1. If I take R0 = 25 Å and measure r between the Cβ atoms of THR367 and LYS59 in this structure, what FRET efficiency does the formula 1/(1 + (r/R0)^6) give, to the nearest 0.05?
2. Which FRET efficiency value, to the nearest 0.05, do you get for ILE185 and GLN257 by plugging their Cβ-Cβ distance into 1/(1 + (r/R0)^6) with R0 = 35 Å?
3. Work out, step by step, the length gained on full extension between ALA151 and SER352: first 0.36 nm times the residue separation, then minus their alpha carbon distance; give nm to one decimal.
4. Enter the per residue convex hull volume of the stretch 52-100, computed from alpha-carbon coordinates, in Å³ rounded to the nearest integer.
5. Carbon and sulfur together cover what percent of the accessible area of the stretch 335-400 at a 1.4 Å probe radius?
6. At a probe size of 1.4 Å, how large is the accessible area of VAL200, to the nearest 10 Å²?
7. Students sometimes get this wrong: rank ILE127, ILE239, ILE199 by accessible area, probe 1.4 Å, all chains present, largest first.
8. Compute the label zone of ILE92 within the stretch 36-54: residues whose backbone N is under 15 Å from the point 7 Å along Cα-to-Cβ.
Amino acid sequence: MEEIEQLAAKMDRNTVLFIGSGASSPAGLPSWWELINWLKDYTSSLGGDIDAANLYLKKSQLINATSALTSELNKIEKSLADFFNEEPKCEIFTSATPKEIHQLIAQLPTSSIITPNYDLLLEKIFIEVGEPMEMVYKGDNDRINSILRDAFKDYIYKYHGCITKPADIIFDFKQYNAVIHTPNIDKECLRTLIQTKTIVFIGAGLEDPDFNHIRDYLNEIATPKNMELWAFMRNCEPIKEHYKEEFGINLISYAGQGGDHSDLLTKLKDLILRLNDEDGKILEALEIASPLEVERIKVEGLLRNTLLQANEEVMPLDEAIIGFIAFFDTVEKNTFFQYFHDRKGYQVGEISNRIEYLIQNKLIKATENYLMPMNCSFSQEAAEQMEEEILDYLMEQENG
C-alpha cells in the first residue's frame, strides 16, 4: 500500500478529483460505445443514413462514428439535444442513483471535482450527504473564473456539459476538437488546475481521450516532474514506471476484468482509512512495534462495511461463506456444501440463496464446480475471522 500512503500524504481540501465515465457505469450509465449505438438507433429510426457510422464503429473510431451520426441528424433538422431529450434510454442520465463508488468519492477530503460525465450522480451523492455543491458548466465564464480565483471550494465542474443542458453537451468530433484545439476558457481552466493542483483520476481509462489530452499536454510543456497527478487505472502495473518518468503521472494499478471494479473500491477504502488516521500518527507509531498490526488495522472493518453497503445488514452466514472460500482461495462446491450443511447445520436452500446473493453482488466468484474469493481486503479479513474454526475442521478431517 505504499502508493496509497503516498497519495494520502498529498491529499487535502485543495486536491481536485477528475471523475471519469467508469465511475458512472455501476449505476447503469452507458459506455461511450453503448451511447453511440443508442444514437445510431435513434438516427436510423428517423430515416438517417447510418452506413458511415457502422464503418467507423467496425474500425473502433468512435468519435468519427458520432460525428457521422450528428451530421445525419442535421440533415433531417434534428440535433444531439433532440437525441438526449427524446430517446427513452437517455432517461437513465437523470434517473440513475449513486452507488458505492460515489459514496466513497464523497468521503474523500476534497470537494473540488471536474468531470466530463453528463449524468447527475455526483450532484445527488453530495446532496445525500448534506454537502450540496456549486455547479459549474461548460462555457460559464463567471463561474469558471471563480474556480481559477479559488473563490469556489465546493464545486462540480462539468466541462463537457450536463444532461440538464443537452444543447451544450460535447459528444461529436467537431465539438470535442473545438474544446481541445481552440482558445476557450474551459481548456485554460483545465490546464491551470493541472499545473497548480494535485489531481486524482478515478474512473478514467488509459484510452480515455480526456486523460490522453492531459497526458499529451504534460508532454508538451515538458515539466511533468513538477506536477502532482495520480490515477487509479486497471491492470496498468507494467507501464507505471514509464508513465511516471515520461509524464509525471503516478498510476495506481487495480485488478479486474470486464465490469469487475471491486479492487478499485477496495483501494479507495484503503485510501479513506489512511486519510482518517490522524495524518498517519497511529500507523506510524505501530509500524515500529508491529508491522503486522498495521496491516490488520488498514483492512479491519472492511468486511462488515462491504456487507452493510450491499444489503444494509450483516448476516453471519455471509461472513462465514466469504471467509471459508477466502481461506482456501479455491473451494470445490461439494466440499463447501459438506462443511456448511453437514458440519454447520444450514439448509441447502439457504446456503444456495446466500451463494447466489454474494455472486450477484460480486463478493465472491464462481465457476461450474468451484467457488473463489474476490482479491480484496475484505476477503482477507473474512478469512482471518474463520481461520481458527477452519483449522479445527481440518484437524478433525485429518484425524478421521
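The values are calculated or read from the model by the stated rules, or taken from the named source; none is laboratory data. Owing to the predicted nature of the structure, the values given are computational and were not obtained by experimental measurement. All Cβ positions, glycine included, derive from the backbone under ideal geometry; neighbour counts span all protein chains shown. Accessible surface areas use protein heavy atoms only, side chains included; no ligands, DNA or RNA. Shrake-Rupley method; radii C 1.70, N 1.55, O 1.52, S 1.80 Å.
1. Computed FRET efficiency for THR367 and LYS59 comes out at 0.10.
2. Efficiency at R0 = 35 Å is approximately 0.30.
3. Full-extension gain reported as 66.8 nm.
4. Considering the Cα atoms of the stretch 52-100, their hull volume per residue is 104 Å³.
5. That share works out to 43 percent.
6. 0 Å²
7. From most exposed to least exposed: ILE127, ILE239, ILE199.
8. Residues 36-42 fall inside that zone.
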